[in-house]
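Here's the structure, in structure tokens; my notes come after.
The values are calculated or read from the model by the stated rules, or taken from the named source; none is laboratory data. As the structure is a computational prediction, the values presented were derived from the model and not from experiment. As a convention, Cβ positions derive from the backbone with ideal geometry for all residues, glycine included, and neighbour counts pool all protein chains shown. Please note that ligands, DNA and RNA were not included when accessible areas were found on the heavy atoms of the full protein model with its side chains. Shrake-Rupley method; radii C 1.70, N 1.55, O 1.52, S 1.80 Å.
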Amino acid sequence: MKTKYILPFVSLLAVTGHVSGQEATPPVEVIPGQMRVDEVMGLINKNYVEGPDMEKMSEAAINAMLKALDPHSVYIAAKDVERANESLQGNFEGVGISFQIVSDTIVVSSVIDGGPSEKVGLQIGDKLLAIDGEKATGDSVNNQFVFKRLRGKKGTVVHLDVLRQGSVYNFEIVRDKVPIYSIDTYFMAEDGIGYIRLTRFARTSVDEFRKALRTLKKQGMKSLILDLRGNTGGFLDIACNLSNEFLERGQLIVYTEGRTVRRQNFHANGRGQFREGDLVVLIDEGSASASEIVSGAVQDWDRGTLVGRRSFGKGLVQRMFPLNDGGQIRLTTARYYTPSGRCIQRPYDEGSDAYRQDVSQRFKHGELVNADSIHFPDSLKYRTHGGRLVYGGGGIMPDVFVPMDTVRLTDYYISLRGKGLLNSFPLKWADEHRKDNAVKDFETYLANYDSFHLDSLLTAAAIAKGVVRDSVKEAAEPERTAHSDRYLRLVLKAQVAKDLFGMDYYYKVMKEVDDGYQRAVGILKNKQK
């Protein structure tokens with residue numbers, strides 16, 4: 001059976017210009033453990049008291065075997081392969097909307113640029129009453145209900161009955177390839193400082209990045225903030241291509257090595273579009289894999305400043321092996337190393353469950369709020385190109401630490417979020433007022449925002465849902481309460497902006513209380529002096 005790279009090394013040649021080593025193929029050997037598994041499966045099939053579900057048993061056996069290896073080697077059943085690959089391929093087939101289910105009603109929360117729904121005029125705030133004549137409201141409506149009816153093969157047609165501003169409209173939408181964008185937003189943060197937020201490393205990511213870069217350069221960008229917070233990664237070759245945008249010809253981006261894979265080096269080709277200019281990369285505990293390749297290369301070559309919190313710590317490379325039934329196994333075949341030689345993979349000896357709970361343990365031990373609580377062993381010391389001390393063995397530690405703001409999450413805020421009010425209330429208000437002149441554009445919305453009194457309206461909506469403030473506790477913590485209320489007001493303002501104008505505007509509002517963003521802007525402004 002042939003294997004296929006989920007991280008295709010061949011395509012890296014165009015970027016790196018050099019790959020050292022060839023993959024070694026060890027002889028296939030039948031080992032006693034494998035024979036024992038086959039023997040047990042055969043005995044069960046022949047002798048069990050009832051007809052065994054061999055399909056269910058085989059899936060359970062595969063998952064158990066992979067779980068004994070590492071947390072990132074996984075089995076994907078044939079029925080799940082397409083969905084599992086969508087976010088990395090950069091597109092899927094469907095109608096091209098994002099939605100929320102509010103009070104048993106499907107509400108359009110965004111319309112994807114270039115998708116089929118945009119072409120026929122579907123709008124944010126539209127409510128779906130029926131899909132192909134089938135009622136689309138009520139208790140039976142959930143995410144799977146929507147996915148099953150709106151997604152489908154390119155060229156097929158879906159009919160929607162849509163409620164908009166009290167009137168019902170009928171739309172006929174031809175399903176098509178729908179782009180999944182890697183960049184949430186980009187804009188000028190300050191004079192000369194651009195900001196790009198990348199959420200995944202998919203097939204289209206580098207093209208999107210270059211487009212954003214060109215646009216920002218035309219607006220006078222000299223320095224860049226690249227936001228990789230929460231970016232869990234993706235394709236290795238895309239990570240190398242993005243790193244290539246910042247590095248000089250011949251500089252090592254990353255290398256990989258494993259038991260059956262000899263060392264392979266990936267170098268920059270010197271044709272990147274942002275090799276000069278000050279750079280800040282934002283990372284946090286949700287930045288993993290490909291995000292850490294970019295961050296590691298930037299840090300090890302002293303190309304820019306990393307700001308935020310210690311990254312996730314995934315230094316393993318997976319290959320995709322297709323199975324005869326259409327399923328896939330993503331198997332770890334190598335580790336990757338930053339230019340200084342660091343493997344940033346966290347230990348997983350205690351099993352997958354403990355591994356996945358690492359972030360909560362970081363919070364418990366105080367690491368997310370205090371850099372002094374982070375300890376690296378001396379055996380994992382490395383030096384950057386400029387001689388600065390860095391560590392391997394557990395994520396990438398940023399050059400500038402920004403603690404998580406835990407004070408803003410009071411019981412009242414958590415209750416509002418838990419009841420879904422921070423999504424449903426802004427969407428309802430936006431839907432009722434999107435035709436008002438007071439919100440005709442983003443600037444007008446900001447100028448008029450205080451007159452909307454959304455804080456009071458949210459409080460009333462919360463009481464109706466049984467969410468009330470604990471006045472005694474809040475009186476005992478006046479500073480924390482005031483801090484959380486300021487944050488809540490801004491979240492409300494940003495959510496309404498998103499529901500009225502799109503996701504870009506959420507970030508343009510929230511940057512006011514984004515500590516990492518503000519620190520990055522400050523660093524770059526100081527460099528401009």
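Note on segment 91-129: residues that are open to solvent by 40 Å² or more (accessible area, probe 1.4 Å), among the acidic types (Asp, Glu) and at pLDDT 85 or above amount to 1.
Within segment 453-465, the set of residues being in contact with a helix residue (DSSP H, G or I) (Cβ under 9 Å, 6 or more places away or on another chain) and either assigned to a loop (DSSP other than H, G, I, E, B) or in contact (Cβ under 8 Å) with a residue 40 or more places away in the chain (or both) comprises 454, 458, 461, 462, 465. Screening the candidates 345, 318 for the property of being among the polar types (S, T, N, Q), open to solvent by less than 40 Å² (accessible area, probe 1.4 Å), farther than 28 Å from residue 211 by Cα and not in a strand (DSSP E or B) yields one hit, 345. Being farther than 20 Å from residue 298 by Cα and of a type in the set (A, V, I, L, M) is the requirement here; does residue 216 meet it? Against the criterion (farther than 20 Å from residue 298 by Cα and of a type in the set (A, V, I, L, M)), residue 216 qualifies. Screening the candidates 431, 499, 504 for the property of being part of a helix (DSSP H, G or I), of a type outside the set (Gly, Ala, Ser), touching a Gly at 6+ places or on another chain (Cβ under 6 Å) and modelled with pLDDT under 95 yields one hit, 431. Is there any pair linking a residue in segment 515-529 that is closer than 16 Å to residue 194 by Cβ to one that is in a helix (DSSP H, G or I), with Cβ under 6 Å and at least six apart or on different chains, and which? The qualifying pairs are 517/511.
Look at segment 383-398: where a residue is on the phi > 0 side of the Ramachandran plot and part of a loop (DSSP other than H, G, I, E, B) and a partner is of a type in the set (Asp, Glu) and surrounded by 14 or more Cβ atoms within 10 Å (Cβ to Cβ), sitting 6+ places away or on another chain with Cβ atoms under 8 Å, you get 395/285; 395/292. Taken over segment 434-445, the residue count meeting the criterion of being open to solvent by less than 70 Å² (accessible area, probe 1.4 Å), in a helix (DSSP H, G or I) and either free of Cβ contacts under 8 Å to residues at least 60 places away in the same chain or in contact with a Lys or Arg (Cβ under 8 Å, 6 or more places away or on another chain) (or both) is 4. Please specify each residue of segment 413-423 satisfying the condition of being touching a Leu at 6+ places or on another chain (Cβ under 8 Å) and either open to solvent by 20 Å² or more (accessible area, probe 1.4 Å) or more than 14 Å from residue 495 (Cα to Cα) (or both). Across segment 413-423, the qualifying residue is only 413.
Restricting the first residue to segment 201-214 and requiring it to be more than 21 Å from residue 278 (Cα to Cα), which pairs with a second residue that is β-branched (Val, Ile, Thr) meet a Cβ separation below 8 Å and a spacing of at least six or different chains? Within 8 Å, the pairs are 201/238; 202/180; 202/238; 203/238; 204/180; 205/183; 205/238.
Of all the residues in segment 196-228, those that are part of a loop (DSSP other than H, G, I, E, B), closer than 21 Å to residue 514 by Cα and open to solvent by 40 Å² or more (accessible area, probe 1.4 Å) number 1.
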